[in-house]
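Rule-based calculations on the coordinates, nothing more; no lab input. Remember, predicted model here, so these are calculated numbers, not experimental data. Every residue, glycine as well, gets a Cβ built from its backbone with ideal geometry; the counts of neighbours run over all protein chains shown.
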Amino acid sequence: MLDGDGKYAKRASITRLPLHYHTALIFILPAAATLTTDVYFPSTLLTSIRGYNLVLVTINITGAFMDGFFSAWESGETLPSGPKTEALHLVASDVRSFYLSAYTSWAGMLGEAASIAYAKESVFLGIVYILMSIFCAFIAHGLGSDLVQLISSSDPLTNTSYNSTTRAHSLLRKIIIALTMHIIFSCACTEGTVEIDDPDEHGKYWVAVTPRNRLIISMLFATGGAYTGRFIRTTIAQYMHKSTIPIGTLCNNAIFGLLGLSLNIMRLRDVSWAKSFLLRGFTLNFCGGASAFVGHTADNRDLYVNQKHSKGYQRMLLNVLVNLMCAIMIFLIAVEIEGLLHQAQNADDESDAGNDNNNESL
C-alpha cells in the first residue's frame, strides 16, 4: 500500500472528474440523499425502540461509515484496481461534499436530542444521545476506511492506464443518468393532491401543501444547504488554516445548529408555521445539509490517524470538547423552546376544550 505515492498523485491530476460531471453531481447527489432519508429509508423499523427515535442516529452513523469509505479514495491513500474503483476515486470528493452532507445532519442531531430530553424529562439523556452519536460515528468512520483496504489494489497504477479511466467515466455517466431518472420518477409518482382540508388555508402558503411539493422543496433546500456549507467551510479554512482545530466545521455547526431552531421559534409565534414547506425545508434540509456532522467526524479521525502522538491526541480531544460545548449550548436552547412549544400547545388545547364546553351548554 502506497501513501502519497508520486506516480499516483500525478495520475490523479490527469484523471480529474470532468467539469460537467461535477456540475451535475452538485444537483443530483443532494437530491438523491433526500430521497434516501425521506422516502426510502426504513424508518418504520427504527421509529420507536423502547420509546427512542433512532432514525436520525442510524442515518448519521451510516453516513459516517460511508464518509470513511470515500475519504480513503479521495485522499489518494488507496489505489484503484479497475474501472469501478477508479470511478469511486473520481467521485469521492463530490459524494462526501454533497451526498453525505445532505444525508447526515448535525443540526438534526441537536433537535432530536432536545426532543428526547423533553419527552424523557432528562437533559442528561439528551447529552448522552449527542455523545453516543459522535462516538459511534467515529468508530463507523474507521470501519469504512478499513473496508476500502479489502477492495483496493496493492500495486501502483501508472499514468498509462487511460483505458481504465475512460471506462470509469462511462460508468459514472450511466450512474448520473440513472440517478436523474430515479429522481424524476420518484417526484412524478409522489402524490400531488392538497393535504389541507380547510379551504380557507389553501391560499395562505406560497407553495401548495402537497407531498410532491414537499419532496421537491426538500431536495432544492438540501442542494443549496450542501453547497453553502461546503463554501463556508472551505472559505473559513483558507483564512484560519493555522488554527489548532478545524474552525470551518465548528463555525458551520454553530451557525446552522442555531438556524435549525427557526421552525420551532416561528411556531411559538404561530403554530400554523409548522405547515410551511419553505420554512421546514430551510430548517430541516438546508440547515441539515449545511451543517457538518460527517465533517466533524472526519476531522476527529484525521487528527487521530495522521498525528499519532500526544499533540495529535490533544488536538482531537480539544476539537471534540469545543464542538461538544457549542452543541450543548444550542441543545439547551432547543430544550427550552421545546418546553415553551408544549406549554403553548397545552394552553390552546385547554382553550379549545373550554370553548367546546361553552358551546354544549348553549
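Which order do peptides 128-138, 107-117 fall in by mean Cβ count within 10 Å, highest first?
107-117, 128-138
For the range 166-176, take each phi angle, set θ = phi - 60°, evaluate the Karplus expression 6.51 cos²θ - 1.76 cosθ + 1.60, and give the result in whole Hz per residue in order, putting x for glycine and proline.
4, 5, 5, 4, 4, 5, 5, 4, 5, 5, 4
Rounded to whole Å and ordered largest first, report the semi-axes of the equivalent ellipsoid of the range 16-126 derived from its Cα gyration tensor (root of 5λ).
In descending order, the three semi-axes are 33, 14, 12 Å.
Provide the three semi-axes, in whole Å and in decreasing order, of the ellipsoid equivalent to the range 206-277 as defined by the square roots of 5 times the Cα gyration tensor eigenvalues.
32, 16, 6
Once the Cβ-Cβ distance between Leu19 and Cys187 is put in as r, and R0 is 41 Å, what FRET efficiency do you end up with, to the nearest 0.05?
Efficiency at R0 = 41 Å is approximately 0.95.
Viscosity 1.567 mPa s, temperature 4 °C: what is the translational diffusion coefficient of the range 49-90 from Stokes-Einstein with a Kirkwood Rh over Cα pairs, rounded to a whole number of µm²/s?
108
With each pseudo-label sitting 7 Å past Cα toward Cβ, what's the Val322-Val128 distance in nm, one decimal?
Distance between the two pseudo-spin positions: 3.0 nm.
Give me D for the range 253-323 in µm² s⁻¹, whole number, from Stokes-Einstein with Rh from the Kirkwood sum over alpha-carbon pairs, 25 °C and 0.890 mPa s.
Result for D is 175 µm²/s.
Packing-wise, with mean Cβ within 10 Å as the measure, how do 317-327, 282-292 rank, highest first?
282-292, 317-327
How big is D for the range 70-132, in µm² s⁻¹ as a whole number, if Stokes-Einstein is applied with the Kirkwood radius of its Cα pairs at 4 °C and 1.567 mPa s?
Calculated translational D: 92 µm²/s.
If I model a spin label as a point 7 Å beyond the Cα along the Cα-Cβ vector, how far apart are those points for Arg167 and Ala344 in nm?
Spacing of the two 7 Å Cα→Cβ label points: 6.0 nm.
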